[in-house]
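> What follows is a single structure, and I will ask about it in a moment.
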Amino acid sequence: MTAVDGDQKTGDTYDARALQDKWQARWAAELPFQGSEDPGDTRPRSYVVDMFAYPSGDLHMGHAEAYAIGDVIGRYRFQRGDNVLHPIGWDSFGLPAENAAIRNDSHPAEWTYANIETQAASFRRYGIAVDWSRRLHTSDPEYYKWNQWLFLRFFERGLAYRKDGQVNWCPQDQTVLANEQVVQGRCERCGADVVRRGLNQWYFRITDYAQRLLDDMDQLDDGRWPDEILAMQRNWIGRSVGADVHFAIEGRDSPVTVFTTRPDTLYGATFFVVAADADLAEELCAPEQRAAFDAYRAEVAKLSDIERQATERPKTGVFLGRYAVNPVNGQRMPVWAADYVLADYGHGAIMAVPAHDQRDLDFALAFDLPVKVVVETGDPDPAETGVATAGEGTLRESGPLDGLTKTDAIDRIIEVLAERGTGDAAVNFRLRDWLLSRQRYWGTPIPIIHCPTCGEVPVRDDQLPVALPELKGAELAPQGVSPLAAATDWVEVDCPACGGPAKRDTDTMDTFVDSSWYFLRYCSPHLDTAPFDSEAVNTWGPVDHYIGGKEHATLHLLYARFFTKVLHDLGMLSFTEPFRRLTNQGQVINEGRAMSKSLGNGVDLGKEIEAYGVDAVRLTMLFASPPEEDVDWADVSCTAAQKFLNRAFRVMSEAGAASAPGTDAAAGDAGLRRITHRSIDQITALVEARRFNVAIARTMELVTAARRAIDSGPGAADPAVREAAEFVAVALSLFAPYVAEEGWERLGHTGSVAVGNWPEADPDLLVQESVTCVVQVQSKVRDKLSVAPDIDPAELEQLALASEKAQGFIGDKQIRKVIVRAPKLVNIVVG
RNA sequence: GUCCGGGUGGCGGAAUAGGUAGACGCGCUAGCUUGAGGUGCUAGUGGCCGUUAAGGCUGUGGGGGUUCAAGUCCCCCCUCGGACACCA
């Protein structure tokens, strides 16, 4: 029984389950939430997108929170009369389906599509106002075909390429991972320790867009995206400014370049370090050091990322038996290989300045290398203290830089290097290219054919999609190479260029490719000639409001921005940023912790809905805290939400029974009307500002005011009561759509409340008859006066000074000053 | 270590062009309603002092400062959470 039992005394209550069934059927029949493509439709367009769901099972509390927030935003735009596009889809490729298929000896599609249906039914029950006709699934060939098409466009532009490299390998999932998918040395998905592996893999050249990804953030700041996300992306992109310096290496024809942010310390460089796993280290190693180097390299290769990144780990390395030459003073510097230098940042080699860089100092002290102070900072000698000095100071023992400040020295040395042709100003980014190959089955096949004579040959557009071969069960078991490799019939093809025997690429794409552009596909989800209709996308897009979790700060949200810029450059989009506004919902936790099976503190969404009804669950989530804050389910009460909804429902019912729609509100009780219009004014602003918890609080106040008017005021038949009750229905349609619909019907309306009913507040009714003015003496409140809102300041001052209570505190003290802020405050300063 | 957020009643949270701190809700207390329980309704509820009362004092992590006035602005510190983490 989902109803709250009523009895003779409490009057009408509603049965949540009956309402859910009734209105779900009505919405399904009447389709009030479709986006219109009619060019003659002049309503303003709103494009609201929730991050689509992964079909891992049924919806859980986290979905309930996120989709409730997106739904309020979408429903508000519907109420404002916009032409709203609020679509829904599924991110349906990915590992869990594959693992389930291996367990159950089935095909990943079975598990995937069954879960999608379960979730779709739950979404309908949850009452989200979406356009079901645009539904998409990324695992449909009609969708992933366009992943392949887009890949080929990237490939043509050199933005998709293959290279050998040390890649992140998850030994559990038996696949490589992008940098963004390695979280603190572990696989983002399964938590296994990631190891390094040398492999030849496909990459997207996201680094080409590093600067634009930074620059375009000025379209996203000022509260449009959370500062936190922008900061995380900025850090992830990691722009550093400094110089490239070319060092001659004895016995090598060409110099080796290093990047440094401290070129001013060049005279303090005492040794040179090459990343141990870089090809350069291999090349520079002198024969007599070969054995030591090989042994060291083998050590390094064994380390997991976790071990490698441990902060207190002592510095290790090996001398390569070679010398570099400092371009400014001819100093010979021993060349070492070490794993604290990263192969894929900068040039994979550094000049080491131990006096002014802590890592170099640690290394120097470990291997007894010289420390030379060239910036006098006033701090004690690094060689003695073990603490490098990185602050401001004055240059010394640095030739032409002597006496300069750090900042001036940086500018000067860059000039010197440039004059001599041994260096230049340079910028470096921490961002790495996006590794997109995956050695797993349930994803988009990479549409490339490898031909022994022609090399990498793209599949022709008219041959797309390259559909997945049918594999299932044990055939999908991870083996370190893609399961696709075993499908020999599928792999072995003729080369599209020369016709000779060739092989398909057997890797699939990272599923983040799918999610990098799905929000564009919604605008023309059934188009079969292009990934999306540019005109439709340019009309709807960019997404006005995007809702989803902040765990995607440096994953999906970064990739989607990158894709949008590339597609813009390809002439397919008019805009360069995909999401105008971003809201990150908080998590639903329980008893202070994330819900988890091991803690046994999970809360089942289905059971909560069963017990309290959808409306009460939605309202509870939205009222508990601001959308971006976490909600602790142990701290909230669905019962309270249920009680409030019943109160609201009774007000709507009683008003509906006592008067008819269309009643002129002007004749109604003026006091209640003022409250109603103030509510309209405030709730409008609060919803616009995404402050749903406060908007709900104001709705509660309005219900209380209407209740009072019915019970001890002008009575249920007063037109002002109807006006209040109708706005209650409209406001609740955002948060608790079922009871809002039913209440609207009780109010005598036919059709849905959900679209185009948002009222404007009447400015005349926003003016209060009287306001409370506080009278302060020495800034402490001593009296309160009821005054007209437009009271003359001089008159107010006189009233305040005349206050007996105020006089009691003034006594015989002299009045020094009177501050009047009519009509709210008067402060009398004595002394 | 660096970078972001936060610290307001017993609890979730309101209030920032500086101007009545604690809206709304939970919980709690009392009363009405009720066969009982719940629901519903009414009143109260930051702390301290005060015989109930009237009233007073105090109060937004701590300490300074600006101001007639500070939860809000400035400086210093403490603390909690998150992200990144050998990025040269």
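The values are calculated or read from the model by the stated rules, or taken from the named source; none is laboratory data. What you are looking at is a predicted structure, and each value in this text was computed from that prediction instead of being measured. When we count neighbours, we look across all protein chains shown, and the Cβ atoms used for this are built from the backbone with ideal geometry, even at glycine.
> Across the stretch A:78-98, which residue is farthest from the chain's Cα centre (by Cα) among those that are buried (at least 24 other Cβ atoms within 10 Å of the Cβ) and over 30 Å from A:S482 (Cβ atoms)?
So, considering only residues that are buried (at least 24 other Cβ atoms within 10 Å of the Cβ) and over 30 Å from A:S482 (Cβ atoms), the one farthest from the chain's Cα centre (by Cα) is A:F78.
> Starting from the stretch A:224-250, keep only residues that are without any contact (Cβ under 8 Å) to a residue 40 or more places away in the chain, then list their pairs with residues that are more than 8 Å from RNA strand B (Cβ to nearest atom) and assigned to a helix (DSSP H, G or I) whose Cβ atoms are within a distance under 6 Å, requiring at least 6 positions of separation or different chains.
A:L230/A:M217
> Would you mind listing the helices (runs of 4 or more DSSP H) fully within the stretch A:705-818 where at least 3 residues are within 16 Å of RNA strand B (Cβ to nearest atom) and touching a residue at least 40 places away in the same chain (Cβ under 8 Å)? Even if it seems obvious, please write down each step before you answer.
Details: elements: A:719-735, A:737-746, A:763-766, A:793-802, A:804-810.
Here the list reads A:719-735.
> Give, as residue ranges, the strands (runs of 3 or more DSSP E) completely inside the stretch A:118-181 that count at least 2 residues that are crowded, with 22+ Cβ neighbours inside 10 Å. Quick ask: steps written out before the conclusion?
Working: elements: A:131-137, A:160-170, A:175-177.
Passing ranges, in order: A:160-170, A:175-177.
> Limited to the stretch A:589-603, what total is found for residues that are crowded, with 17+ Cβ neighbours inside 10 Å and more than 26 Å from A:L230 (Cβ to Cβ)?
Initially, the stretch A:589-603 is screened for residues crowded, with 17+ Cβ neighbours inside 10 Å, giving A:589-590, A:595.
Next cut, more than 26 Å from A:L230 (Cβ to Cβ) only: A:590, A:595.
Of the residues in the stretch A:589-603, 2 are crowded, with 17+ Cβ neighbours inside 10 Å and more than 26 Å from A:L230 (Cβ to Cβ).
> Would you say A:D669 is without any contact (Cβ under 8 Å) to a residue 24 or more places away in the chain, among the acidic types (D, E) and farther than 30 Å from A:R224 by Cα?
Working: without any contact (Cβ under 8 Å) to a residue 24 or more places away in the chain: no; among the acidic types (D, E): yes; farther than 30 Å from A:R224 by Cα: yes.
Against the criterion (without any contact (Cβ under 8 Å) to a residue 24 or more places away in the chain, among the acidic types (D, E) and farther than 30 Å from A:R224 by Cα), A:D669 does not qualify.
> Find the residue count for the stretch A:405-451, including only residues that are at pLDDT below 95 and closer than 25 Å to A:G198 by Cβ.
14
> Could you say whether any residue in the stretch A:186-195 is within 13 Å of RNA strand B (Cβ to nearest atom), surrounded by fewer than 16 Cβ atoms within 10 Å (Cβ to Cβ) and touching a residue at least 40 places away in the same chain (Cβ under 8 Å)?
Checked against the condition, which is being within 13 Å of RNA strand B (Cβ to nearest atom), surrounded by fewer than 16 Cβ atoms within 10 Å (Cβ to Cβ) and touching a residue at least 40 places away in the same chain (Cβ under 8 Å), the stretch A:186-195 yields no hits at all.
> Name the residues in the stretch A:596-612 that are at pLDDT 85 or above and either assigned to a loop (DSSP other than H, G, I, E, B) or within 25 Å of the chain's Cα centre (by Cα) (or both), would you?
Within the stretch A:596-612, A:G602, A:V603, A:D604, A:L605 qualify.
> Are any of the residues in the stretch A:496-512 buried (at least 18 other Cβ atoms within 10 Å of the Cβ), at pLDDT 95 or above and in a helix (DSSP H, G or I)?
For the stretch A:496-512, residues buried (at least 18 other Cβ atoms within 10 Å of the Cβ), at pLDDT 95 or above and in a helix (DSSP H, G or I): absent.
> Continuing with this model, one more query. Only residues that are surrounded by fewer than 22 Cβ atoms within 10 Å (Cβ to Cβ) and either modelled with pLDDT under 90 or of a type in the set (S, T, N, Q) (or both): list them for the stretch A:572-588, please.
Within the stretch A:572-588, A:S574, A:T576, A:T583, A:Q587 meet the criteria.
> Taking the residues in the stretch A:440-460 that are part of a strand (DSSP E or B) and farther than 18 Å from A:P483 by Cβ as candidates, determine which candidate is farthest from the chain's Cα centre (by Cα). If you could, list the steps in order and put the result at the bottom.
Initial filter on the stretch A:440-460 (part of a strand (DSSP E or B)): A:445, A:448-451, A:455-458.
Those still in the list that are farther than 18 Å from A:P483 by Cβ too: A:449, A:451, A:455-458.
On the way: A:I449: 35, A:C451: 40, A:G455: 39, A:E456: 35, A:V457: 36, A:P458: 33 Å.
Result: A:C451.
> Could you tell me how many of the residues in the stretch A:461-489 are over 34 Å from the mean Cα position of the chain (by Cα), among the hydrophobic types (A, V, I, L, M, F, W, C) and not in a helix (DSSP H, G or I)?
The total comes to 2.
> Cβ-Cβ distance below 8 Å, separation of 6 or more or different chains: which pairs start in the stretch A:261-276 with a residue that is farther than 14 Å from A:G330 by Cα and end on one that is part of a helix (DSSP H, G or I) and among the β-branched types (V, I, T)?
A:R262/A:I410; A:P263/A:I410; A:P263/A:I413; A:P263/A:I414; A:D264/A:I410; A:D264/A:I413; A:A276/A:V300
> Of the residues that sit in the stretch A:410-436 and are in contact with a Leu (Cβ under 8 Å, 6 or more places away or on another chain) and in a strand (DSSP E or B), which one is surrounded by the most Cβ atoms within 10 Å (Cβ to Cβ)?
A:G423
> Follow-up question, since we're still on this one. Find the strands (runs of 3 or more DSSP E) located wholly in the stretch A:185-295 whose residues include 2 or more that are under 30 Å from A:P354 (Cα atoms) and β-branched (V, I, T), and list them.
Values: elements: A:195-204, A:239-249, A:256-260, A:271-275.
In the stretch A:185-295, A:239-249, A:256-260, A:271-275 are the strands (runs of 3 or more DSSP E) which contain 2 or more residues that are under 30 Å from A:P354 (Cα atoms) and β-branched (V, I, T).
> Here's another thing I want to ask about it. Is there any pair linking a residue in the stretch A:676-704 that is in contact (Cβ under 8 Å) with a residue 60 or more places away in the chain and within 10 Å of RNA strand B (Cβ to nearest atom) to one that is hydroxyl-bearing (S, T, Y) and in a helix (DSSP H, G or I), with Cβ under 6 Å and at least six apart or on different chains, and which?
If the second residue must be hydroxyl-bearing (S, T, Y) and in a helix (DSSP H, G or I), no pairs are left.
> While we're on this one: Here are some residues: A:A281, A:A324. Which one is among the aliphatic types (A, V, I, L, M), closer than 25 Å to A:N179 by Cβ and either in contact with a Phe, Trp or Tyr (Cβ under 9 Å, 6 or more places away or on another chain) or more than 9 Å from RNA strand B (Cβ to nearest atom) (or both)? So that I can check it myself, show each step before the final result.
Working: A:A324 fails: closer than 25 Å to A:N179 by Cβ.
The conditions single out A:A281.
> For the stretch A:618-632, how many residues are at pLDDT 95 or above and either away from RNA strand B (no atom under 13 Å from the Cβ) or of a type in the set (D, E, K, R) (or both)?
1
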